[in-house]
Structures are given as structure tokens and as C-alpha cells.
Amino acid sequence: MTVKELMQLKLERHSSLDMVSGKYINTVDLCIAVDQIKAGLIKEIGCRNFSVLLAIGAHLNEQRVAFPNVSAIAEITGLSKPTVIKAIQELEEVEIGGQPIIKKSKLLTSSGNAKSVYHFLGAEIAETDPNIEITPKEVIQLFCEYYEETFGVAYNVSWGRDVSMVKTKLISQYKPEQLKEIVRIAVTKYSTFSNSPEYPTPTLGMLCSWLANKAAGVMLQEQKKEQEYQSKIAYAEKAAAIDPTDMLDSL
């Protein structure tokens, strides 16, 4: 085996502030160690199979599994569907560091169809801030808490639909601490964003579309005001610490 070390396939998430638009931009990078490439990783896997591996890896989630169908992989790689299928079969036979790169299984969907699930046994998940995490359920629960406190009634959650929306539309777009603030602002200050009598209260559907963007804008304004306030306090404390006699000595 050319490559003896277990393959390191990482998802690294980054969040940065666009100073022009004032919006937070979230990116996800798929990374493979340079030393392993130099050690012959691509040669061992094969160029065609390596491109298929990367296409599957682009769909990797926190449970180290991916769900892309053959059509999606073919579209990403530019390969034909039969070629993709053959590449996947060959990838299942390849071992790096004594373990298979991927292992395919079948998952039965609610519609009765079976879809392929790809397990990355040696994959790692790298987070820029591993100490702060949030799940779709926690976001929904936080929304419900603010909703009941603000409007005096419980929010009716459609868990199957709402969990999926929150995961794809919110958690993938905002950092956990940002998302908590966005939920708070979106619910408690909803009347400043909409005065429609048809929609007197917010919904998770709104939060997952236009409402989150509105709340994020307010969040940035609040953060800016807080920074200005802290700067004024720091200046006042510094000025108060100056002895007037020291100023006379300098004249």
C-alpha cells in the first residue's frame, strides 16, 4: 500500500464579515492533507476515482455519511453515470491506512425507494469553533420560547418540515451565536419587520427566508452601537484617570 496513513478528509467551516454588504458569509472547504497527496494518494485511488471521491466528499455531513445520487456525482465530475457507478465500486475496494475509504449501504426512504448512503470511516470533521454548536431542534426550541414569551401562546411546530428548513436555511448560513441573536431579534422585534394583519406573528418559514436577513441586519446595528458605547466608556474612564495637575505641568 503506497499510502499507509489513514486518509484525512476534512470539512472546515469558516465565517467572515463582508464589510461592503454587512452580511456574514459562510463557506465550507473540503480538505485533504498535502503530505498524503505527495505520498501517492491520487495515484493509489486513480484520477477518475479520486474525482468521484471528492464529489461524494462534498456532500459529507457531521455523521460522516453522504447521500448524493449517481446523477449528482455525474453532473459534478462530468463523467457518465456508468463510469461513476464503476468508480464507486472500485473505491469500495480501496484501503488507505488499513481502512476502506468509503463503504456504501442502502437506506429505505419513506416512499419505499432505496438510496445509496456513503460512509467515510476515516473522515474527520474540523470546526473553526468546536466548543459552540447548535442543532435544528435547539434553534426551534429557542424560537418557541421567545414566541410564547412575546405573544403569550405556544407555537405549533411541524417538526418534519421545520427541522429540515432550519438545518438547510439557517444552520448552514450562520454561526451558532449569531443564530441565537437572530432568533431573539426576529421574534421579539417582529412588529418592526412586518405590520401585515394577515401575518401578525412570525413563523419558522419566515425565519428561514426573509426574516433572518432582516434580523441579521438589526443584529449588526446593535453590535456596532455596543462597540461605540464601550469605546465611549473606555474614553471616559481614561479621561477621568488623568490628573489635572499633570496637564498644568505640561504647559
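The values are calculated or read from the model by the stated rules, or taken from the named source; none is laboratory data. Given the structure is predicted, the values throughout are model-derived calculations rather than measurements. Glycine gets a Cβ as well: all are built from the backbone with ideal geometry, and neighbour counts include every protein chain shown.
One table, with the values for the structure above:
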quantity	calculated
Residues that are part of a helix (DSSP H, G or I) and surrounded by 16 or more Cβ atoms within 10 Å (Cβ to Cβ), drawn from the range 189-213	Tyr190, Leu204, Met206, Leu207, Cys208, Leu211, Ala212
Selected residue [at pLDDT 90 or above and not in a helix (DSSP H, G or I)] from Leu79, Leu60	Leu79
Ser111 modelled with pLDDT of 60 or more and outside the structural domain of Lys180 (by TED's automatic domain parsing)	no
Residue in the range 30-46 that is touching a residue at least 60 places away in the same chain (Cβ under 8 Å) and surrounded by fewer than 17 Cβ atoms within 10 Å (Cβ to Cβ) present	yes
Among the residues listed as Glu181, Glu177, the single one being of a type in the set (D, E, K, R), closer than 12 Å to Val139 by Cα and at pLDDT 90 or above	Glu181
All positions within the range 145-157 that are under 25 Å from the mean Cα position of the chain (by Cα) and surrounded by fewer than 17 Cβ atoms within 10 Å (Cβ to Cβ)	Glu145, Val157
Pair list, Cβ < 6 Å and 6+ apart or interchain, from the range 155-182 residues that are assigned to a helix (DSSP H, G or I) to residues that are of a type in the set (Lys, Arg) and surrounded by 17 or more Cβ atoms within 10 Å (Cβ to Cβ)	none
Contacts under 8 angstrom Cβ, first residue in the range 202-226 being over 22 Å from Ala154 (Cβ atoms), partner surrounded by 12 or more Cβ atoms within 10 Å (Cβ to Cβ) and aliphatic (A, V, I, L, M), 6 or more apart	Lys214/Ala186; Ala216/Ile182; Val218/Ile185; Met219/Ile182; Met219/Ile185; Glu222/Ile185
Hits in the range 1-37 - residues which are among the basic types (Lys, Arg), at pLDDT below 75 and either over 18 Å from Leu179 (Cβ atoms) or outside the structural domain of Gly98 (by TED's automatic domain parsing) (or both)	Lys4
Candidate set: the range 158-174, residues that are over 15 Å from Trp210 (Cα atoms) and not aliphatic (A, V, I, L, M); chosen: the one farthest from the chain's Cα centre (by Cα)	Ser158
Subset of the range 220-251 (residues that are in a helix (DSSP H, G or I) and either charged (D, E, K, R) or at pLDDT 90 or above (or both))	Glu222, Lys224, Lys225, Glu226, Glu228, Lys232, Glu237, Lys238, Asp246, Asp249
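A quick yes/no check of all residues on (1) on the phi > 0 side of the Ramachandran plot; (2) β-branched (Val, Ile, Thr):
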position	(1), (2)
Leu30	no, no
Ala33	no, no
Lys38	no, no
Leu41	no, no
Gly46	yes, no
Asn49	no, no
Leu60	no, no
Val65	no, yes
Val70	no, yes
